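A.B. asks: So that we are looking at the same thing, I have put the structure below in structure tokens.
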């Protein structure tokens, strides 16, 4: 390659050459001049070569700067891609993560109560209430019994019983009547007759009574000491009871108001037992439900005594015009179901209805007109309606699986539940309400 030099460099060289061609006055001067010229030429060539190298090195510095710029752009691009992927993953997470909760509703018992009138088939009377056709017949029954009087005109009372006396001494022990016996809790009793207890022997069935004859002196089997003896003798001579001491009253038997009331109750039960036997007769075949009643107002009682009379026993009789009502349950089942559905809460639906599970009670009857008013109770089971919002999804946001289980288990309407997370490794309820789905199982 040919190196070009500038005009200034050429002039400088030609000037030096001209100086060399000029005649010198002497040899020393010429030599000095040549030396100076040589040094100048060395400086020129070295300076020119250095500038040439510097000029050639400049393209290499430009490439380094370009490489550095590319590296910065690459980092920015990689960061952008990573952030984009992270954002995409977050979006996918929130769009995919969800939880589905299936509620198994709790079955609750419900009852519908209403009135219905049974009209005897032999009558054509119209009524305003719900009615069905059946049989309404009278049953005339009567009973009588003898009852023991429990009342007393108290003339005396006592608390006492029997004890066995023990004597572990080597000599006979004499215990006179009214000898005191003391219980462990400090209650005092007395022997009723004088007793001789043989040495190293016993005497059984000794009558004892309390000093204070009231119910507070009743006591169970126990050991009694004899406080009238010295301390050493009390260890050897003592009494024991094997049965309780009870409070007793003596006096004349008197008819009390309670005796009369108890007798009336007993007679009414006997009347109904007779009516029940009548209802089992073949006259009521063809009906699947038969009930009967004896109205208290239509029962007549007759006793041969009055309250306060002194007598050990008395007789009483009763007679009544009872009613036997027969009908078919199917005639009222449809109405009962309708009544049950009408009484259901807004968030409940009928789950099961047993057409044979009814309770009937005769409220009033008139056998002459052939009418019997019934109180009907129909039983059924209800559950939550499908789609009922028993759980507010907002209350579930962010709950852990354990917290979710605790909350669902605390709900009275929930008999059971099933939780399904998507994806299945998620164990926390999503933060977005619309990703929480609650269903009620049918």
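A.B. asks: Going by C-beta contacts inside 10 Å, put 365, 166 in order with the fewest on the left.
C.D. replies: Exposure proxy ranking, most exposed first: 166, 365.
A.B. asks: Still on this model: By the gyration tensor of its Cα atoms, with a ≥ b ≥ c the square roots of the eigenvalues, what is the shape of the stretch 303-413: rounded for a/c under 1.5, prolate for a/b over b/c, or oblate?
C.D. replies: Oblate.
A.B. asks: Here's a follow-up. Quick one: grab the alpha carbon gyration tensor of the stretch 240-287, order the square roots of its eigenvalues as a ≥ b ≥ c, and give me rounded if a/c is under 1.5, else prolate or oblate depending on whether a/b is larger than b/c.
C.D. replies: The shape class here is oblate.
A.B. asks: Rank-order 309-318, 352-361 by packing density, defined as the average count of other C-beta atoms within 10 Å over each peptide's residues, highest first.
C.D. replies: Peptide ranking by packing, descending: 309-318, 352-361.
A.B. asks: Sticking with this structure for a sec: Once you sort the root eigenvalues of the Cα gyration tensor of the stretch 72-174 as a ≥ b ≥ c, which label holds: rounded (a/c under 1.5), prolate (a/b larger than b/c) or oblate (the other case)?
C.D. replies: oblate
A.B. asks: Could you order peptides 392-402, 186-196 by the average number of other Cβ atoms within 10 Å of their residues, highest first?
C.D. replies: 186-196, 392-402
A.B. asks: Which whole-number percentage describes the relative contact order of the stretch 154-251, with Cα contacts under 8 Å and a sequence gap of 6 or more? Before the final figure, lay out each step's value.
C.D. replies: On the way: 250 pairs, mean separation 40.5, N = 98.
Result for the stretch 154-251 is 41 percent.
A.B. asks: I've got another one for you. Where does each of 71-78, 238-245, 433-440 land if you order them by average Cβ count within 10 Å, highest first?
C.D. replies: Values: 71-78: 9.8, 238-245: 17.2, 433-440: 15.4.
Answer by packing, highest mean first, reads 238-245, 433-440, 71-78.
Throughout, read-outs are computed from the coordinates displayed, never taken from laboratory work. Treat the numbers as computed from the prediction; the structure is a model and nothing was measured. Counting neighbours? That spans all protein chains shown, and the Cβs are built from the backbone with ideal geometry, glycine included.
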